[in-house]
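What follows is a set of notes on a single structure, which appears directly below.
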Ligand code: GLU
């Protein structure tokens, strides 16, 4: 299997064949503006010193300051961060917000760190990067395994170093530290608005059977939002495995069960399944909400969902995309489906700079029409070029970036 950046470049090659954007423009997008690798020494609680590898990729800032989260994961490496930065560039363009694309990370197993060690690592990340970050330069946010509390430490560290007290250098902060209402559920909520906009067009029923891979912030909130809207969530999983319950899972009870037992398995009335089995369940809507490269050449042929909605970044490989397209299974791409997170991040940045605080109702009232509009435009682009929704989204994003570059 290719690394995520090779997948991203295969997608770029593909769109360049569908629409002529000019070789120079495509060449500009083949590498990030800069990728920065840092070394972060952290004093551990036992007095020893551990050295961690960290990254910030500033992919492209044509549309605005670099924007994108920071991931803490043992498998995080530069090619993953570059791919995620590339997708952030497209995501912001698709959503129509004045932000560019970036991404950051640290190669670390966060479960091995105490709270104090995590704080020292997070502050260390900012110390090494404070000169390239800034509200008008590069604005990080949470991603896999990074929390509002981590954003708070980072914003505080940046403020100490630079004197900037707006908080606008980082989004996804806790509510009482300049965070936006709705930010914690915004990725899943945005995905739901996209789904609602496209549901009928894509021939899905009123009440869908839903399967979700991932039970972190995004997967858990998605399960909750879809169930509350009257759909039936029949299977969910986390990194250890999943559960299946044909008549629907009570998500609140499942979240409690996971809190008490540390895993999803053994949930009352359900049967345990593997992550692989989960992807192959017959359902209306399959939502990958965890990691890259889970729907691959090896399993795409076995997918029995009617639609795939990507709340994770990069879950479908280019080969799997082809297979699903031929099988007539539309994939609502990550750069549209999960863009609610970064849009509300942009709202947070805007509120911080204007010293405002919007209600959750206001936030979602602004978010919804933006995602409805992006969804309709992408469907139109895909139909015009007789291509997939992913390629429709790429066309929309690249047209917007190219237009701005020219201007
Ligand atoms: N990490 C999220 C994403 O992949 C949000 C990024 C942000 O809010 O800047 O879209």
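Quick note: the coordinates plus some simple rules give every number you see, no bench work behind them. No experiment lies behind these values; they were computed from the predicted model shown. Positions of Cβ are generated from backbone atoms using ideal geometry, with glycine treated the same way; all protein chains shown enter the neighbour counts.
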Cα coordinate range in the range 17-64, projected on the principal axes (Å, largest first) | 58, 22, 14
Mind putting together the pair-distance distribution for the range 1-153? All Cα pairs, 5 Å bins, whole percent per bin, short to long.
-> 2, 9, 18, 21, 18, 13, 9, 5, 3, 1, 0, 0
Calculated P(r) tail over 26 Å for the chain, as whole % of Cα pairs | 51 percent
Using only Cα atoms, what is the ratio of the radius of gyration of the range 27-102 to 2.2 N^0.38 Å?
-> 1.29
Divide by every residue of the chain the summed helix terms, -39500 (n - 2.57) for each DSSP H run of at least 4, and state the resulting mean residue ellipticity at 222 nm, rounded to the nearest 500 deg cm²/dmol.
-> -14000 deg cm²/dmol
Relative contact order in percent for the range 108-227 (Cα pairs under 8 Å, 6+ apart) equals 20 percent
Distance from the Cα centre of the range 125-204 to that of the range 346-407, in angstrom?
-> 17 Å
Sorted on mean Cβ neighbours within 10 Å (highest first), peptides 193-206, 3-16 come out as 3-16, 193-206
Semi-axes of the equivalent ellipsoid of the range 279-396: what are they in whole Å, largest first, if each equals the square root of 5 times a C-alpha gyration tensor eigenvalue?
-> 30, 16, 12
Could you sort 315-321, 51-57, 66-72 so that the peptide with the highest average Cβ count within 10 Å comes first and the rest follow in order?
-> 66-72, 315-321, 51-57
Which FRET efficiency value, to the nearest 0.05, is calculated for residue 51 and residue 361 with the Förster distance at 56 angstrom and r the Cβ-Cβ distance?
-> 0.75
The range 82-214 shape via C-alpha gyration tensor axes, a/c threshold 1.5 = prolate
Please label the shape of the range 159-297 as rounded, prolate or oblate, based on the square roots a ≥ b ≥ c of the eigenvalues of the alpha-carbon gyration tensor (a/c under 1.5 means rounded; beyond that, a/b larger than b/c means prolate, else oblate).
-> prolate
Give me the distance between the Cα centres of the range 45-111 and the range 3-20, rounded to whole Å.
-> 20 Å
Between residue 256 and residue 166, how many nm apart are label points set 7 Å from Cα along the C-beta direction?
-> 4.5 nm
How are the Cα pair distances of the range 217-266 distributed, in percent, across 10 Å bins from 0?
-> 26, 63, 11
Relative contact order (percent) for the chain, with alpha-carbon contacts under 8 angstrom and 6 or more residues of separation?
-> 16 percent
Restricting the count to DSSP beta bridges whose residues both fall in the chain, what percent are antiparallel, rounded to a multiple of 5?
-> 50 percent
Indicate, rounded to the nearest 5 percent, the antiparallel portion of the DSSP beta bridges found entirely in the range 47-196.
-> 45 percent
Full extension from residue 10 to residue 25: what is 0.36 nm times the residue separation minus their Cα-Cα distance, to one decimal in nm?
-> 3.8 nm
For the range 263-345, what does the alpha-carbon gyration tensor say about shape, rounded, prolate or oblate, given a ≥ b ≥ c as the root eigenvalues, a/c under 1.5 as rounded, and a/b over b/c as prolate?
-> oblate
In percent, how large is the relative contact order of the range 210-364, given Cα pairs closer than 8 Å and 6 or more residues apart?
-> 18 percent
